[in-house]
Amino acid sequence: MRYVPLDTPKPISKIGLGTWQFGSREWGYGPDYEQRAAQIVRRALDLGVTLFDTAEIYGFGRSERILGAALGDDRAKVVVASKIFPVLPLAPVVQQRAVASAARLGVAGIDLYQVHQPNPVVADTTTMRGMRALQDVGLVGEVGVSNYGLRRWRFAEAALGRRVLSNQVRYSMVDRGPEKDLIPYAEQAGRIVIAYSPLGQGFLSGRYDARNPPTGAVRRANPYFLPENLERGTELIATLREVADAHDATPSQIALAYLLRHPNVVAIPGASGVEQMERNAAAAEIDLADEEHAALVAAAHAFRPVTGLAAVPKLIRARTRK
């Protein structure tokens, strides 16, 4: 395993474990998944993974409980990250919700506490006042944000009066927006971009095509899995497979290695089983040659999916046919 080259109280692994699926029925993993979740966490620890990310909204608290129980006595050794869902993120509310998350996780302190979404009405000045109080009493180590643009990330940091260590955003080969400004800022300022959905919710795995679309409510709501977009992604997947063959790897591992080439980027893919966790962790050790990276960049830029409003009627029709 490799780690982010930053001064943090605990090392942060380049591959973490995202736990949205822990306790969340919408992923469709079945009733036995809670037991598998514990096995995945234990194997991640064996592989050197130190970042475990959850949120109070995941399974309405169940993800935090499952993760905390699975970590057991190792909770103090790793970076436990959670997120507040900012319905009304006033300072007292932030403090109350952090206490509740810590209790569900079974930890004395949350290593990284993040604002899950920017609130369009409540300014970060009051939210960060609550975060600062949590840091002052030792309940929160580092503060992070999620789904923030660069301007608001920097404003949040000014409001906190300390570093806002991380910004957790959607980032993958099919969602490359963070490369424009967030990643350059992180590298310049000594901050971290945490990539969620780093495999495009499985789009980049090569498992799906127009004749074999995914099941499960989450992926069915993702426009990338429209038959038309699966067809348009054929060349991108072919390039991933070509590079993967050269490394005796999988397309998913190469898609992760593409992100991890940035020193201040951490990826937090989920895992449906222990073997997938092992493959994800192994991606941290893959070094892409310059020409391989260039080929992946070109293939990613050439992918033009149908998204936004244009995808809505297609998604409705696709769901109606099922």
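Structural remarks
- Only one entry in Arg207, Arg132 is within 30 Å of Gln253 (Cα to Cα) and basic (Lys, Arg), namely Arg207.
- Tally of residues being closer than 21 Å to Lys83 by Cα, in contact (Cβ under 8 Å) with a residue 24 or more places away in the chain and open to solvent by 40 Å² or more (accessible area, probe 1.4 Å) across region 155-183: 5
- Residue within region 215-234 that is out of contact with any Gly (no Cβ under 9 Å at 6 or more places or on another chain) and on the phi > 0 side of the Ramachandran plot present: no
- Selection of region 211-233 for residues being modelled with pLDDT of 75 or more, under 21 Å from the mean Cα position of the chain (by Cα) and surrounded by fewer than 20 Cβ atoms within 10 Å (Cβ to Cβ) yields only Pro223.
- Segments classed as helices (runs of 4 or more DSSP H), wholly inside region 184-267, with at least 1 members that are of a type in the set (Ser, Thr, Tyr) and without any contact (Cβ under 8 Å) to a residue 60 or more places away in the chain: 234-246, 251-260
- With respect to the conditions (1) out of contact with any helix residue (DSSP H, G or I) (no Cβ under 9 Å at 6 or more places or on another chain); (2) at pLDDT 95 or above; (3) at negative phi; (4) open to solvent by 10 Å² or more (accessible area, probe 1.4 Å), Gly138 falls short on a single one, namely (3).
- Residues that are surrounded by fewer than 22 Cβ atoms within 10 Å (Cβ to Cβ), hydrophobic (A, V, I, L, M, F, W, C) and outside any helix (DSSP H, G or I) within region 57-110 comprise Ile57, Phe85, Val87, Leu88, Leu90, Val107, Ala108, listed in sequence order.
For every residue, the table says whether it meets (1) closer than 28 Å to Ala156 by Cβ; (2) touching a Gly at 6+ places or on another chain (Cβ under 7 Å).
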residue: Asp32; (1), (2): no, no
residue: Val41; (1), (2): no, no
residue: Leu47; (1), (2): no, no
residue: Leu51; (1), (2): yes, yes
residue: Ile66; (1), (2): no, yes
residue: Ala70; (1), (2): no, no
residue: Ser82; (1), (2): yes, no
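- When region 104-124 is filtered for residues that are more than 21 Å from Val79 (Cβ to Cβ) and touching a helix residue (DSSP H, G or I) at 6+ places or on another chain (Cβ under 6 Å), the ones remaining, listed by number, are Pro118, Asp124.
- The listed residue being over 28 Å from Gly273 (Cβ atoms), open to solvent by less than 20 Å² (accessible area, probe 1.4 Å) and at pLDDT 95 or above, out of Val143, Val193: Val143
- Residue within region 300-314 that is modelled with pLDDT of 80 or more, of a type in the set (A, V, I, L, M, F, W, C) and under 28 Å from Asp53 (Cβ atoms) present: yes
- You will find that of Leu204, Leu236, the residue that is under 27 Å from Glu291 (Cα atoms), modelled with pLDDT of 85 or more and within 20 Å of the chain's Cα centre (by Cα) is Leu204 and no other.
- Candidates Tyr208, Tyr258 - the one that is aromatic (Phe, Trp, Tyr) and either open to solvent by 20 Å² or more (accessible area, probe 1.4 Å) or closer than 19 Å to Met277 by Cβ (or both): Tyr208
The values are calculated or read from the model by the stated rules, or taken from the named source; none is laboratory data. Source: prediction; values computed, not measured. Positions of Cβ are backbone-derived with ideal geometry, glycine not excepted, and every protein chain shown enters the neighbour counts. Ligands, DNA and RNA are excluded from the accessible area calculation, which covers all protein heavy atoms including side chains. Shrake-Rupley method; radii C 1.70, N 1.55, O 1.52, S 1.80 Å.
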